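The structure appears below as structure tokens.
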Amino acid sequence: MKHFIWMLCGIFVSGLLLGTLTACGSDQFRTAVITTAKQAPAPEAAPAPETEVPVEVQDEDTARRLAYGKALWDMYLLGLRPDGEELERASDLGPAEGNRFAVMDVNGDGAEELIIGWDQACMAGMQGLVYACDHPEEELRLILSEFPALTFYENGTAAADWSHSQGWAGRFWPITLYQYRPDSGVYEEIGSVDAWDLECTEGDETLAAAFPSEADADGNGLVYYILTGEWYQNDRTPPDGQLDGRLWETDPVDGAELEAWLSSCTGGTESLEIPYQDLTEENIAALGYPKPDVTYPEPVG
């Protein structure tokens, strides 16, 4: 009987333990299932890129054209050269229209120059100007100043008509030749050419007798004088006034010899076609430099 009671107690205790263990196991399983994993921290926002300050990058050609544009505005609006020298204008009360300019490499150095034909002035006030622009300083440098009737050649030679022909050149207009020298960076004078046209002295027996017919090989009544060195310091005629066919104290030559000399200066190259434009606001603005704000004085009276 006692043995039976102990068996019942054992069964009861075993059942109690089993239930406890089952409950514990159930709680443990349930805990494993419902446990929520922690969310991964949100990634930090990437820092905003720094705003870059735009830097205007200009190539040499663009910078050079801007410098030329600024100089042209000063000429057009104020009548001032880059060095501050005043240009003669038809009116001091408004823009200097009617002149010409071009941007082109005329001396063969690979960079464009600014060519000015300042025509709207009296004869003495007319100017033919050629400027170069040094990079990166962007400063304009005058490399030729002459009368605006200019001819440029492929080898860097330039020919300028004389502003006046008050001698006896007649059918030939006197010229001065220049050659661009890279070492000096400017056009240097080579020489000039004057002429004696017999038609200019017709009717004067003394002059007709003095005309150097022996030098006029082609018989066209025209001989030339190639003037080099400091020829301008010489007299056009001898001090005693007695002509012997020499002008500027140099011997005359015929057309063939003159052509040979000119060809030696130009290297036999062709003349350049210069794309001149009228000096107008539209054409200047095309170079990219903005128009300055200029107020003109009121007319007097």
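The values are calculated or read from the model by the stated rules, or taken from the named source; none is laboratory data. Owing to the predicted nature of the structure, the values given are computational and were not obtained by experimental measurement. With ideal geometry, Cβ positions are generated from the backbone for all residues, glycine too; neighbour counts draw on all protein chains shown. The area values use the complete protein model at the heavy-atom level, side chains included, leaving out ligands, DNA and RNA. Shrake-Rupley method; radii C 1.70, N 1.55, O 1.52, S 1.80 Å.
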In the list Ala286, Ala256, which residue meets the criterion of being under 37 Å from the mean Cα position of the chain (by Cα), at pLDDT 95 or above and open to solvent by 50 Å² or more (accessible area, probe 1.4 Å)?
Ala286
Leading residue by the ranking (nearest to Val186 (Cα to Cα)) among those in segment 135-168 that are open to solvent by less than 60 Å² (accessible area, probe 1.4 Å) and charged (D, E, K, R):
Glu146
Run down Ala217, Ala208, Ala195 and say which single residue is of a type in the set (A, V, I, L, M, F, W, C) and open to solvent by 60 Å² or more (accessible area, probe 1.4 Å).
Ala217
State whether one or more residues within segment 183-195 are more than 30 Å from Glu112 (Cβ to Cβ) and in contact (Cβ under 8 Å) with a residue 12 or more places away in the chain.
yes
Report yes if some residue within segment 183-191 is in contact with a helix residue (DSSP H, G or I) (Cβ under 9 Å, 6 or more places away or on another chain), under 29 Å from Gly69 (Cα atoms) and either among the aromatic types (Phe, Trp, Tyr) or buried (at least 16 other Cβ atoms within 10 Å of the Cβ) (or both); otherwise report no.
no
Filter segment 170-188 for residues that are closer than 13 Å to Leu144 by Cα and in a strand (DSSP E or B) and give the result.
Thr176, Leu177, Tyr178, Gln179, Tyr180, Arg181, Val186, Tyr187, Glu188
Go through (1) over 16 Å from the mean Cα position of the chain (by Cα); (2) crowded, with 21+ Cβ neighbours inside 10 Å and name the single condition Gln127 misses.
(2)
How many residues, within segment 189-228, are of a type in the set (A, V, I, L, M, F, W, C), more than 24 Å from His164 (Cα to Cα) and not in a helix (DSSP H, G or I)?
1
Kindly indicate whether Glu138 is at pLDDT below 95, over 12 Å from the mean Cα position of the chain (by Cα) and not aliphatic (A, V, I, L, M).
no
Of the residues Asp278, Asp240, only one is of a type outside the set (Gly, Ala, Ser), at pLDDT below 85 and surrounded by fewer than 15 Cβ atoms within 10 Å (Cβ to Cβ); which?
Asp240
Within segment 78-94, count every residue that is touching a helix residue (DSSP H, G or I) at 6+ places or on another chain (Cβ under 9 Å) and buried (at least 19 other Cβ atoms within 10 Å of the Cβ).
4
List the number of the failed condition for Leu227; all other conditions in (1) open to solvent by 20 Å² or more (accessible area, probe 1.4 Å); (2) within 29 Å of Glu273 (Cβ to Cβ); (3) modelled with pLDDT under 95 hold.
(1)
Being small (Gly, Ala, Ser) and more than 21 Å from Gln179 (Cα to Cα) is the filter here; which residues of segment 239-279 pass it?
Gly241, Gly245, Gly255, Ala256
Check on Gly108, part of a loop (DSSP other than H, G, I, E, B) and at pLDDT 85 or above
yes
